[in-house]
Structures are given as structure tokens and as C-alpha cells.
Amino acid sequence: MITKSPQETENLAQEIAQKIKNGGILCLYGDLGAGKTTFAKALGQALGIDKFSIKSPTYTYIRRYLDNIYHLDLYRLEAIDELLAQEIDELFQNTSNIIIIEWADRLKDNLPAKRLDIKLEYVDENSRKITIDDHS
Ligand code: ADP
Ligand code: MG
């Protein structure tokens, strides 16, 4: 589908939040500026996180909110090391965790099969093409 404003992308994220509110892994794909963080923030807000507290993790790969919600941004990850792979794997083990991953493709084979894939693509300044693939 196409969203024609950030607000429309946020509305979509709020709907999608219902699918993972009891646990799940949601992967966001797309270039810089595609809208991954915009999507993740609206999703987090729908799950009850204060919108001002949600930022993309910059100095760390993982941020945790409200007990069991995790926001990962792997943009800066060049190669996954054993320790981080293990840490992320432990998060995946607990199926009640809600895990939102930007640049999920960085995880390659470490990514569980059961997940929701969301691809965002730039169309023009205010429009994005959003493709949803539910592998749950
Ligand atoms: P990413 O995390 O993928 O790098 P961001 O969410 O940080 O992307 O940035 C997306 C930018 O694009 C924001 O400034 C946002 O306001 C803008 N934008 C314009 N149109 C849209 C749209 N339809 N959906 C999402 N973001 C949009
Ligand atoms: Mg981002």
C-alpha cells in the first residue's frame, strides 16, 4: 500500500501494533529516511510507551521499554558478534517479548522464521510504499 503522509504511516503502525501486542517480532526494512523510525515510534506509542521517550537506539543496538518491548536499530552493525547474537537470541526465546527491529537484514540467519516483515520504500517526499509480509 501507499501512505501519503507520516501520519498515514503512523496510523498503519498503530493498526499493526494490534498484531504483536501479545508478543512478536516485527522487522522493518528500508533505506535511510524510508520511515522505519517513524513507524517504530507510532507502534511503540500504540503499545503504551510515552512518545517522547522513544528514540532510535544510537549508542547501543537495543533499547528496552516497559518490561518487554525492545527496539533494535542495527544500522551500525557491520558484523554480528557472538555476544550480541546470543543476547538477541535470548530476546527471541521469550515469545511474550515484543521486538521491533530496524535494519533486520543485518541479522541474516539469526532472524527467526516467525516474524512480521514490513518494507518501506521512498516514493516521493511525502509518500512511501509499504509492503507487509506476515510469517506468523
Ligand atoms: P528511517 O528510520 O527509515 O531512516 P525516519 O522515520 O527516521 O526513517 O525518517 C522518515 C522521514 O520521512 C521523516 O522525516 C518523516 O516525516 C518523513 N516522511 C515523509 N512522508 C512519510 C511517509 N508517508 N511515511 C513515513 N515517513 C514519511
Ligand atoms: Mg531509523
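The table below lists the values:
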| item | result |
| --- | --- |
| Debye log10 I(q)/I(0) at q = 0.19, 0.20, 0.24, 0.35 Å⁻¹ for segment 96-136, Cα point scatterers | -0.68, -0.73, -0.93, -1.27 |
| Largest to smallest accessible area among Asp81, Asp67 [probe 1.4 Å] | Asp67, Asp81 |
| Amide H contacts of Gly24 (H built 1.01 Å from N, under 5 Å, at least 5 apart or other chain) | Asn97, Ile98, Ile99 |
| Portion, in percent, of the accessible area of the chain that falls on carbon or sulfur, probe 1.4 Å | 46 |
| Per-residue SASA entry for Glu82, accessible area with 1.4 Å probe, Å² rounded to 10 | 140 |
| For segment 3-16, 3J(HN,Hα) per residue [Karplus equation, 6.51 cos²θ - 1.76 cosθ + 1.60, θ = phi - 60°, Hz, x = Gly/Pro] | 9, 10, 6, x, 4, 5, 5, 5, 4, 4, 4, 5, 5, 4 |
| Amide H contacts under 5 Å for Gly30, placed H, 5+ residues apart | Trp103, Leu120 |
| Over 17 Å [Cα-Cα, segment 57-136], rounded percent | 51 |
| Crossing angle, helix 36-46 versus the chain [Cα axis fit, 0-90 degrees, rounded to tens] | 80 |
| Charge-dipole axis of the chain as Lys and Arg at +1 and Asp and Glu at -1 on Cβ define it, positive-most pick from Ala40, Gly30, Tyr61 | Ala40 |
| Whole-Hz couplings from phi, Karplus 6.51/-1.76/1.60, listed for segment 59-65; x for Gly and Pro | 8, 9, 7, 10, 10, 10, 10 |
| Within straight-line cross-link reach of Lys4, lysines at Cα separation under 17 Å, skipping those fewer than 8 residues along the same chain | Lys36, Lys119, Lys129 |
| Distance (nanometres) between label positions extended 7 Å along Cα→Cβ at Arg64 and Gln86 | 1.7 |
| Whole-Hz couplings from phi, Karplus 6.51/-1.76/1.60, listed for segment 107-112; x for Gly and Pro | 7, 6, 5, 7, 7, x |
| Within a Gaussian network of the chain (alpha carbon springs, distance under 10 Å), most fluctuating of Asp89, Asp50, Asp124 | Asp124 |
| Among Ile132, Asn97, Pro112 - extreme Cα towards positive end, dipole of segment 76-134, charges at beta-carbon | Ile132 |
| Cβ charges +1 (Lys, Arg) and -1 (Asp, Glu), total dipole of segment 29-117, debye | 420 |
| Approximate spin-label separation Lys19-Ser96, in nm, with each point projected 7 Å along Cα-to-Cβ | 2.3 |
| Per residue, the convex hull volume that the Cα atoms of the chain enclose (Å³) | 103 |
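The values are calculated or read from the model by the stated rules, or taken from the named source; none is laboratory data. As the structure is a computational prediction, the values presented were derived from the model and not from experiment. Backbone-built Cβ (ideal geometry, glycine too); neighbour counts: all protein chains shown. In case anyone asks, the SASA skips ligands and DNA or RNA and just uses the protein heavy atoms, side chains included. Shrake-Rupley method; radii C 1.70, N 1.55, O 1.52, S 1.80 Å.
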